[in-house]
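In what follows, a single structure is set out as structure tokens and then discussed.
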Amino acid sequence: MSSVILVNKSDPEGQQRYRVISFDEFYDYEYTLDPTTGQQNVTDIMFIGENQLTSAIRYVTSDDIPKIYSVSGHGEAQMDDYFRGKIKTENIDLIQNFELLTQNEIPEDCDVLLIFYPATDLTKEEADMVLDYLDRGGRMMLVSCYLSEDQPNLMNVMEAYGVRLADGVVVEGDSQYYVATIN
């Protein structure tokens, strides 16, 4: 397998910013699940090399690379390669393992605070820190799913911005838009 490496050697601070694009990143695959065998079959292959190259050129030549701080310490899920790839394509630096409780405040260089599938609730102090950050113009991305345990402090952060959980089920009627599971 081949890779393309883009390097900017003219960084004024003497650092060489680079991006490596592996061969498999030049293509995006679409799959369908065969309900009888349970196998995934490739149904479409799209060339996305131009997008990858353009993104890499922007990355190595840009002066401002946004940073995402990912909150940890609440049993957060691990990000899959697809999610990480999308963040990388958008030229965002992902800083991991940011524990709110061990910090006095969210860092000044944090462009987005990411809370990714937390299993347990924030403490009151952590929720207050997040609200203070948001009140000062900060941005947050919350990725969550069905919660088996109550998370009142996280819900207070959401409600401060008009987001509220509701009991219910969302059903997609068209089988082209959901993944079938086999029991």
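The values are calculated or read from the model by the stated rules, or taken from the named source; none is laboratory data. As the structure is a computational prediction, the values presented were derived from the model and not from experiment. With ideal geometry, Cβ positions are generated from the backbone for all residues, glycine too; neighbour counts draw on all protein chains shown. Protein only, heavy atoms only, side chains kept; ligands, DNA and RNA dropped before computing areas. Shrake-Rupley method; radii C 1.70, N 1.55, O 1.52, S 1.80 Å.
Data table
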| quantity | calculated |
| --- | --- |
| Candidate set: the range 94-108, residues that are out of contact with any Gly (no Cβ under 9 Å at 6 or more places or on another chain) and exposed (fewer than 11 other Cβ atoms within 10 Å of the Cβ); chosen: the one nearest to Gly138 (Cα to Cα) | Glu108 |
| Selection within the range 44-54 - open to solvent by less than 100 Å² (accessible area, probe 1.4 Å) and over 20 Å from Asp81 (Cβ atoms) | Thr54 |
| Members of the range 45-93 found to be under 23 Å from Phe26 (Cβ atoms) and among the aliphatic types (A, V, I, L, M), listed by number | Ile45, Met46, Ile48, Leu53, Ala56, Ile57, Val60, Ile65, Met79, Ile87, Ile92 |
| The one condition in (1) open to solvent by less than 50 Å² (accessible area, probe 1.4 Å); (2) free of Cβ contacts under 8 Å to residues at least 40 places away in the same chain; (3) in contact with a Cys (Cβ under 9 Å, 6 or more places away or on another chain) that Ile87 fails to fulfil | (3) |
| Checking Val60 against (1) outside any strand (DSSP E or B); (2) within 21 Å of Asp132 (Cβ to Cβ); (3) open to solvent by less than 80 Å² (accessible area, probe 1.4 Å), the condition it does not meet | (2) |
| First in the range 120-144 and touching a residue at least 40 places away in the same chain (Cβ under 8 Å) and under 16 Å from Ser72 (Cβ atoms), second anywhere and open to solvent by 50 Å² or more (accessible area, probe 1.4 Å) and in a loop (DSSP other than H, G, I, E, B), Cβ under 8 Å, 6 or more apart | Thr120/Gly75; Thr120/Glu149; Asp121/Glu149; Asp121/Asp150 |
| Subset tally (residues that are at pLDDT 85 or above and open to solvent by less than 60 Å² (accessible area, probe 1.4 Å)) for the range 11-27 | 6 |
| Boolean, Ile115 is out of contact with any Gly (no Cβ under 7 Å at 6 or more places or on another chain) and either among the β-branched types (Val, Ile, Thr) or closer than 25 Å to Pro152 by Cβ (or both) | yes |
